[in-house]
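Read the structure below first, then the notes.
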Amino acid sequence: MSDIKIKEAPAADEQARPILTHERSLSRKIARGSEAGDILDQQMAMLGIQLVTQLNVLIKTSRIYERTNTALDKPVDAMLTLIKTMTHDHPITLRLQNDFLFLGDSHLKVNAQQMAVATSIIDTLNAWKIGGMTFALAAESKDLREFAALFVSLDPDNKSIEDLRNEITARGIAGIELEEQRQLDVRERPGTEANTGPDGTKSADPKLQRKIGAKNGYAKVAGSVGALMQSVRGGGTVSFKQAKRAIQNIVDLMMDDEATVLGLTTLRCHDEYTHNHSVNVSLLSIALANRAGYPKVELADLGLAALFHDLGKSTIPIEILNKPGEFTDDDWVAMRKHPTEGVLSLTKLRGITNLPGRMAAASFEHHMNLDFSGYPKLTVPWALSLTGRILTIADCYDAMTSSRVYRREPMSPSKVLNMMFSKSGKAFDAVLLKLFVNCVGIIPIGSLVMLETNELAVVLKPTIDKANAERPFVKVITDPQGNPVDQGREIDLTEKVETGDFRHNIIRLIDNTEYKFDTSRYFV
Ligand SMILES: [Fe+2]
Ligand SMILES: [Fe+2]
């Protein structure tokens, strides 16, 4: 009944109506990017994760039980319900591309808890070189059972996806289709979320190799944070060794090529899955500390402390952390406890015998602010450590430029810097903030700019020429008409022509959040 009402209601009402349904057709009535559209997308994403989970259960159960066994009832029913809910008038496809899962074209963001399941499905699909699994309404209980039994009875080592497909047809399994894997060339278009998979690893170009090294280093650090956070939540033992080694590697890379490593912090598409925020804060902290004259041998320790500055969040219920939309007052009370909870968690970790002060400071002080306007509030006098001051800047910068921490909408890097400058000497240490700008640039790494030729370019690194700080190194990424170009020119904006004028000029800053450009691919 409510459907009819929705159709008759005027457009404005339609938008205001709470969308508590998974009815797919609604998605076409709702503007993309609108709040209602976001909710629908989130619902589909949640259902997508459930589909992955149930598929995993179904495959695992089928390895143990016959297709008619009642043990299969639950996963089969769950899968059928999901398929029914998600396929309105067209089938749904679970895709795998460059080791990322997609529902249709949307990247399925996976949190730490869901990581094991996602990895299991990714491995299974990879073993078969399956790029996509499509489920249609025609699929019934017997089809799912038959398919799962078939799937686990064949060995991907000596059978191909083609054999699997032939068997599907031969056995009359309806509603399930398989797609082959393809390594798609990822093109950035406004309004799409890019994914950054490994590509072009064949060149012997030292610059490219450095970039690949940096990206792998980043992935290793991210992996170790993921593993650690998960084991903290699970109450298990923790080994910092792996994380320490990974961070030391990052410090070495950074000494070689700071800009490339910092470019990695613009990675925006992995969500919590790879714990980008923690890794980014760690990288930014190391770079800032290095410029602040922090002893080189201690940079890795600082990086490690920074990596776990949000460890206390592992005590906050996932429902609050992943909550779409605004936090309630109670949620905020829970959130504000994470710095102190972090210190408590650190002391309980069995992997560290004595808690380094730096680690405690990173967790305890990172939201305090220089003027103590933040939290936790203390009743005793307190002196902020250098680590705490560095962390406050790195944390705020990454949290504001990314969409994952606290806010749904990210801000462009230069807007964030402007905002931070307005609080220089108040929330942030003024000297450190200046040094920070030297790291990321006045027009920060990852910013989009329009050149006077109308070409769009992405900022790769700040210039060393202090007098021309607003003239960074950029890479052209579109032609004057806005079409993406591959292998665009790299331009040093401080370069001059014979007359003494600059060869190229920026005419305006582009808000990359507006264009939804993922600029990270230009670094890696
Ligand atoms: Fe935090
Ligand atoms: Fe943080």
Inset, instruction - Being closer than 24 Å to Leu108 by Cβ and either aromatic (Phe, Trp, Tyr) or exposed (fewer than 15 other Cβ atoms within 10 Å of the Cβ) (or both) is the filter here, so list the residues in the range 130-164 that pass it. - result: Phe135, Ala138, Phe147, Phe151
Inset, instruction - Would you check if there is a residue in the range 114-131 being at pLDDT below 85 and in a loop (DSSP other than H, G, I, E, B)? - result: no
Legend entry - Looking only at the range 353-378, and only at residues there that are within 13 Å of ligand 2 (Cβ to nearest atom), among the small types (Gly, Ala, Ser) and part of a helix (DSSP H, G or I), the one that is surrounded by the most Cβ atoms within 10 Å (Cβ to Cβ): Ala362
Inset, instruction - May I ask you to list the residues in the range 275-305 that are in contact with an Asp or Glu (Cβ under 8 Å, 6 or more places away or on another chain), within 15 Å of ligand 2 (Cβ to nearest atom) and among the small types (Gly, Ala, Ser)? - result: Ser278
Inset, instruction - Could you pull out the residue among Gly312, Gly293 that is within 16 Å of ligand 1 (Cβ to nearest atom) and at pLDDT 85 or above? - result: Gly312
Inset, instruction - For Thr347, work out the one condition from (1) within 16 Å of ligand 2 (Cβ to nearest atom); (2) over 23 Å from Thr266 (Cα atoms); (3) in a helix (DSSP H, G or I); (4) in contact with a helix residue (DSSP H, G or I) (Cβ under 9 Å, 6 or more places away or on another chain) it doesn't fulfil. - result: (1)
Legend entry - Unique residue being at pLDDT 90 or above, of a type outside the set (Asp, Glu), within 18 Å of Gly312 (Cα to Cα) and more than 22 Å from the chain's Cα centre (by Cα) when the list is Gly388, Gly351: Gly388
Legend entry - Hits in the range 438-486 - residues which are farther than 16 Å from Gly263 by Cβ and hydroxyl-bearing (Ser, Thr, Tyr): Thr453, Thr478
Inset, instruction - List every residue pair whose Cβ atoms sit under 6 Å apart, with the two residues 6 or more apart in sequence or on different chains, where the first one lies in the range 451-477 and is of a type in the set (A, V, I, L, M, F, W, C) and the second, anywhere, is loosely packed, with under 13 Cβ neighbours inside 10 Å and outside any strand (DSSP E or B). - result: Val476/Arg489
Legend entry - Search result, residues across the range 302-326 that are of a type in the set (Gly, Ala, Ser) and either out of contact with any His (no Cβ under 7 Å at 6 or more places or on another chain) or in contact (Cβ under 8 Å) with a residue 60 or more places away in the chain (or both): Gly303, Ala305, Ala306, Ser314, Gly325
Inset, instruction - Mind counting the residues in the range 309-336 that are in a helix (DSSP H, G or I), hydrophobic (A, V, I, L, M, F, W, C) and exposed (fewer than 15 other Cβ atoms within 10 Å of the Cβ)? - result: 2
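The values are calculated or read from the model by the stated rules, or taken from the named source; none is laboratory data. Values in this document were obtained by computation on a predicted structure and should not be read as measured data. Note: ideal-geometry Cβ built from the backbone for every residue, glycine included; neighbour counts use all protein chains shown.
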